1. Relative contact order of the chain, please, whole-number percent, based on alpha carbon pairs below 8 angstrom and at least 6 residues apart.
2. In the chain, which helices (entire DSSP H runs) extend 24 Å or more along their own long axis, judged by Cα positions, while averaging at least 0.5 on the Kyte-Doolittle scale?
3. Compute the signed sum of charges (Lys and Arg +1, Asp and Glu -1) over the other residues within less than 15 Å, Cβ to Cβ, of K96.
4. Restricting to DSSP loop positions (anything but H, G, I, E, B) with no more than 14 other Cβ atoms inside 10 Å of their own Cβ, which chymotrypsin sites (Phe, Trp or Tyr not before Pro) remain in segment 106-153?
5. Counting pairs of alpha carbon atoms under 8 Å apart in space and at least six apart in sequence, what relative contact order in percent does segment 1-99 give?
6. Taking the Cβ of Q229 as the centre, find all other residues whose Cβ is under 15 Å away and add up their charges (Lys, Arg: +1; Asp, Glu: -1).
7. I want to check the label-to-label distance for D100 and S24. Put each point 7 Å from Cα in the C-beta direction and report it in nm to one decimal.
8. Given points 7 Å out from each Cα along the Cα-Cβ axis, report the K269 to L154 separation in nanometres with one decimal.
Amino acid sequence: MLLNIGLWLLIGLVVLWALLDPVSRLVKVLWEILLPIVNSTSVDVKSKFGEWAVVTGSTDGIGKAYAKELASRGLNLVLISRTLERLEKTKDEILKSHPDIEVKIIVADFSKGREVFEKIETELKDIPIGILVNNVGAQYSYPMYLGEVPENELWDIINVNVGATTLMTRLVIGQMQKRRKGAIVNISSGSEIQPLPLMTVYAATKVYVKSFSEALRAEYTKFGITVQQLAPLFVNTKMNAFSQRLQVSSLFVPDATTYARNAIVTLGKVDSSTGYWAHGIQYFFALIPPVWIRTKIGQFLNESLREDYFKQKTT
Ligand SMILES: NC(=O)c1ccc[n+]([C@@H]2O[C@H](COP(=O)([O-])OP(=O)(O)OC[C@H]3O[C@@H](n4cnc5c(N)ncnc54)[C@H](OP(=O)(O)O)[C@@H]3O)[C@@H](O)[C@H]2O)c1
């Protein structure tokens, strides 16, 4: 009798243990979907984290839109991208709507790797940085088999997605630690939730960003630093120019402004998020099948986006 009870108890515990991880992940995603409804007011990010924000990759797409959201909350900005002309244009555009803030620009091409950080460090030396948005990212020009991806493109993806996120964080985290406040926002991608054939290296770099963010949070929460990881799904930006289908904004493929407006409201409230409630819903369903099925679905989707690219090329 006692042996029977013990056996059933053991089986119950094993089942509970097996269910705990997926259930807690689903609850987390559900909470993310409900958060904007339950609590839609933004944290006062300027007082909570500091007066200056650095945004990498800020002349276009999500980075530019996020920078505008920070500007509208009164934060001074440091914009970093490759092209001086586009940086100046973005700076002017932001100052026109927010003349009370300061905007500094730094030209840096993160694909060059190590050499750019010395210059950035010098330029940021006397700026008390409250928020760093590691937004810059590089992606394949279209879904490809690994052997087809030009070697340069692979180095760019690794240097930008892994290198810039890591080294930019190292650059600012010391001063945040001294002030015992600050936020690091790392933009990864929904592609991190399973291997993604035909975007193999891109997705793998985003898994790095996720792991990096989680470990960094464990290291630095005690110093008053918030580390948030944002994992958007498709957003209508030039990164997805390989498919016309992704260049049309919709509920599930928002434009960058809609995405950033939603994402910034999660800062200071949740550690990780897709950043956008409709992506949260997609994420919720995406997490239900086992990884091998998700990988197959991802491969199927990328095969069809690859076809889009070839069709577009011939028309
Ligand atoms: N769009 C999506 O569907 C999607 C989905 C999931 C995750 N994400 C992630 O979200 C982030 C932003 O993506 P996005 O779609 O907004 O990109 P985007 O529209 O292509 O914009 C990229 C920005 O980064 C700058 N940039 C590109 N390469 C650079 C380099 N080597 N050095 C410095 N700056 C560089 C670009 O400006 P210049 O060309 O002037 O330098 C531009 O301002 C990325 O990390 C991406 O992986 C995007």
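Each value in this text was obtained by applying a stated rule to the coordinates, not by laboratory testing. Remember, it's a predicted structure, so these values are computed and weren't measured experimentally. Neighbour counts run over all protein chains shown; Cβ positions are idealised from the backbone, glycine included.
1. On the way: 514 pairs, mean separation 61.8, N = 315.
Value for the chain: 20 percent.
2. Qualifying helices: 2-38.
3. -1
4. Filter output for segment 106-153: Y145.
5. Once divided by the residue count of segment 1-99, the mean separation gives 20 percent.
6. That sum, taken over residues with Cβ under 15 Å, equals +1.
7. Result for the modelled spin labels: 4.3 nm.
8. Each label point lies 7 Å from its Cα, and together they span 4.2 nm.
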